[in-house]
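Data first, discussion second: the structure below is written as structure tokens.
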Amino acid sequence: MTHIWVRAEQRANETRVGLTPDGAATLLKAGFKVTVEASDTRAIATQGYVDAGCTIAREHSWPDAPSDAVIFGLKELPDDGTALPHCHIMFGHAYKGQSAGRTLLQRFKAGGGTLLDLEYLTNDTGRRVAAFGYWAGFAGAAVTLKCWAAQQRGVVAAHVAPYPSAQALKLALAEELKAAGAPPKTALIIGALGRVGTGAADLCRAMGVTVTEWDMAETKSGGPFPEILDHDLFFNCILAGPTTPAFVRPDAPKAARRLRVIGDIACDPDSDFNPVQVYDRATTWAAPALRVHDDPPLDVMAIDNLPSMLPRESSEDFAGQLLPTLLDFGQDLGGTWSRAKRLFNDHVKRV
């Protein structure tokens, strides 16, 4: 019997969850054991999991879970250096040269555990089986527009917070842009054909911004890409790799440009493959904009848990995409879990 243990997230401003009560009920019916940690901050109340028949555990008790439990969460674990003996399903951010990735892999190696990274769960065609991409793009575009509106007032954007729904977000943002005088005229999106780019484009168009959509065909030359500097906003919405060209080079802030805000929704500033080469750290909910040049201003928005701005919608969407693959965990008929484990093994042996 596969035992899925849903941990309560331990990162500030993270209220999403990867399994809904309905999904948990489906797993239980299929013969899984499902334990869910109690949480007062999760976007979906604990009572829903009680009603579904799940076992409820104390918040953050996953380190003491049975050794065969599969610990399922979304964002990073506490950075306490402890060894990790369990199998974990989560976004590890450990395979692209990230500075914290080596440390995480060392913890798995020390404990004998396994990381099954949600970012690398793919079907046999290489497509991800589940992603928060659409809502990351949607929310990331909204925060980027907030940064632009703040510039019009002569300030750097202040803190952001979750919204109860996408409609509530759009209504509030429309008021901010109205107060700024008008929305920005143009935005260029790289990765426009993917989930992230689609979400960013939908939000921009809803706010009256004209969108230029680029994807692989427009960037295959390798750059440079001066067209980026000719737009008010630029959105990076691609999963970068070793062959990804630089979209925004280090000299861009001092160049002649119309560009005022970069929304780096992909947000890998400490990756070796970062294509937005004008900043080196993620931004936060408390300080969403990083000012990288003053005259004229250029801000970068690079929050790395953007879908949490719309936690209920993004959780339900992601959980629905992932559930068929979770149901396949014990048999792995599609090979998704085997591929994820092989990838982990390839990386952990290098540390």
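The values are calculated or read from the model by the stated rules, or taken from the named source; none is laboratory data. In this text, all values refer to a predicted model and were calculated from it rather than measured experimentally. Note: ideal-geometry Cβ built from the backbone for every residue, glycine included; neighbour counts use all protein chains shown. Just so you know, the surface numbers come from the protein's heavy atoms only, side chains and all, with ligands and any DNA or RNA stripped out. Shrake-Rupley method; radii C 1.70, N 1.55, O 1.52, S 1.80 Å.
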Probe 1.4 Å, accessible area per residue of the stretch 34-76, Å²: 44
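Considering only protein heavy atoms, what per residue accessible area in square angstrom results for the stretch 293-351 with a 1.4 angstrom probe?
On the way: 2530 Å² over 59 residues.
I get 43 Å² per residue for this part.
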Set of lysines near K109 by C-alpha distance (under 19 Å), chain-local residues within fewer than 8 positions excluded: K96, K341, K349
From the coordinates shown, Kirkwood radius over Cα pairs in Å corresponds to which of (1) 20.3; (2) 22.0; (3) 21.0: (3)
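Decide, for the stretch 246-290, between rounded, prolate and oblate: order the square roots of the alpha carbon gyration tensor eigenvalues as a ≥ b ≥ c, take rounded if a/c falls under 1.5, and otherwise choose prolate if a/b is larger than b/c, else oblate. Please report the intermediate quantities before stating the final value.
On the way: a/c = 2.19, a/b = 1.23, b/c = 1.78.
Since a/c reaches 1.5 but b/c is at least a/b, the shape of the stretch 246-290 is classed as oblate.
Could you tell me what a quarter of the Cα convex hull surface of the stretch 214-264 works out to, in nm² with one decimal place? Present the calculation step by step, with values, prior to reporting the outcome.
Numbers: hull surface 14.1 nm².
Its average projected convex-hull area is 3.5 nm².
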Long-range amide H partners of I56 with built H, under 5 Å: V36
For F72, residues with placed amide H under 5 Å, excluding near neighbours: W5, V6, R7, I89
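Determine the share of the chain's accessible area contributed by carbon and sulfur atoms, expressed in whole percent, with a 1.4 angstrom probe. Don't skip to the answer; put the middle values down first.
Details: 7740 of 14970 Å².
Exposed carbon and sulfur together represent 52 percent of the surface.
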Under 25 Å from the Cα of K29 - lysines, other chains or at least 8 residues apart: none
Probe 1.4 Å, accessible area per residue of the stretch 87-224, Å²: 42
Relative packing of 255-264, 301-310, which averages over residues the other C-beta atoms within 10 Å, highest first: 301-310, 255-264
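Please go through the stretch 104-150 and write out the trypsin sites (Lys or Arg not before Pro) that DSSP classes as loop and that have at most 15 other C-beta atoms within 10 Å.
On the way: sites: R107, K109, R127, R128, K146; in loops: R127.
When the trypsin sites (Lys or Arg not before Pro) of the stretch 104-150 are filtered for loop state and at most 15 Cβ neighbours within 10 Å, R127 remain.
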Under 13 Å from K170, Cα to Cα: aspartates and glutamates that are on another chain or at least 8 residues apart: D202
Tensor-based shape of the stretch 1-68 (alpha-carbon gyration tensor, a/c under 1.5 rounded, otherwise prolate or oblate): oblate
Debye-sum result for the stretch 209-351 in log10 I(q)/I(0), which assumes one identical scatterer on each alpha carbon, at q = 0.18 Å⁻¹: -1.13
